[in-house]
């Protein structure tokens, strides 16, 4: 910050440039800043993609909750009334969490919920495979009807990895 | 005081409740909370028998189970060979006929899924799921 004398001088002679603080940015610091900026953009993109995936998955299931209830019931883990309740509730939870990632409001809360959801979905898919159930995952409504077990698993693991990466990045970025 | 993370989770969980409840109210007539199959789409062996020749029996079990035994006159239509078997079934179907789909037992899903696809994809009315499946049919007829 300039002194009162400097301010007075600037008022009198507007062409005089305000003295800049004598801060030199070292080449290493500049590279680090660029790297940090690039990784921030990358994580933001990953966040947007993950948000889009969950909003799409939620919307497609919210459009046909009866089918989603049947998909949950096919896992033979939960009683039918709970499958119905989850079929009405989970798609909206996915949608809200997806939007939370986009607007970065309740960001870590959304990341936690989505990580928990994807873990549960993955475990349920593995359990179904072990029990020999040949079922559609219902993850993306009927869009995922013909997915194989490895495709389900690979998708879930990729989403889980992305969520974990976002978790790690959020610890330094300090969003809301 | 709760941590910010827990508070965020609770807020998101609570927010999603409102549209979920709204949707449950909106779909209250389209889904039963008691059974995966709404009572209006379920039929017993005795009820189906009353319909007599006006019924097409559809066997939704795998090919090998159909080959070993099936209801007299039943048509095989399972999801494994859906595209192949559907035209054969449609050739037998005519307007006014009731379709009764069965699979192995009370707990199987194949009949429900085949019935759903017949209604949705083939746009057929009067498609029912046999309560108790093949097991119930055998008990009543053998």
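Relative to the longest principal axis of the Cα atoms of chain B, helix B:110-120 runs at roughly 80 degrees. Put in order of Cβ neighbour count within 10 Å, fewest first, the listed residues A:97, B:103 become B:103, A:97. Model label sites at residue A:170 and residue B:93, defined 7 Å from Cα along the beta-carbon direction, differ in position by 4.7 nm. Highest-first packing order for the peptide set A:55-64, B:80-89 is A:55-64, B:80-89, based on the mean count of other beta carbon atoms within 10 Å. Return one number: the angle in degrees, 0 to 90 and rounded to the nearest 10, between the long axis of the Cα atoms of helix B:4-26 and the longest principal axis of the Cα atoms of chain B. Value to nearest ten degrees: 40. Between residue B:53 and residue B:40, the contour length at 0.36 nm per residue exceeds the alpha carbon distance by 2.6 nm. Under the criterion of Cα pairs below 8 Å and six or more residues apart, the relative contact order for segment B:74-141 equals 33 percent. GNM remark for chain B: springs join alpha carbons under 10 Å apart, and the peak mean-square fluctuation among B:71, B:48, B:16 falls on B:16. Shielding value for B:12-25 is 6, the average number of Cβ atoms from other chains within 10 Å of each residue's Cβ. In percent, rounded to a whole number, the relative contact order of segment B:18-142 is 27, using alpha-carbon pairs under 8 Å and six or more apart.
Rounded to the nearest 10 degrees, the inclination of helix B:82-92 to the longest alpha-carbon principal axis of chain B is 50 degrees. Name the most mobile residue of B:13, B:43, B:100, meaning the one with the largest mean-square fluctuation, in a Gaussian network model of chain B with Cα contacts below 10 Å. Greatest mean-square fluctuation among the candidates belongs to B:13. Between rounded, prolate and oblate, where does chain B land on the alpha carbon gyration tensor, with a ≥ b ≥ c its root eigenvalues, rounded for a/c under 1.5, else prolate if a/b exceeds b/c? Judged from the Cα gyration tensor, chain B comes out prolate (a/c at least 1.5, a/b above b/c).
Computed from the coordinates by the stated procedures, all read-outs in this text should not be read as laboratory data. Quick caveat, the model's predicted, so the values are computed rather than measured. Because the Cβ atoms are built from the backbone with ideal geometry, glycine has one as well, and the counts that use them run over all protein chains shown.
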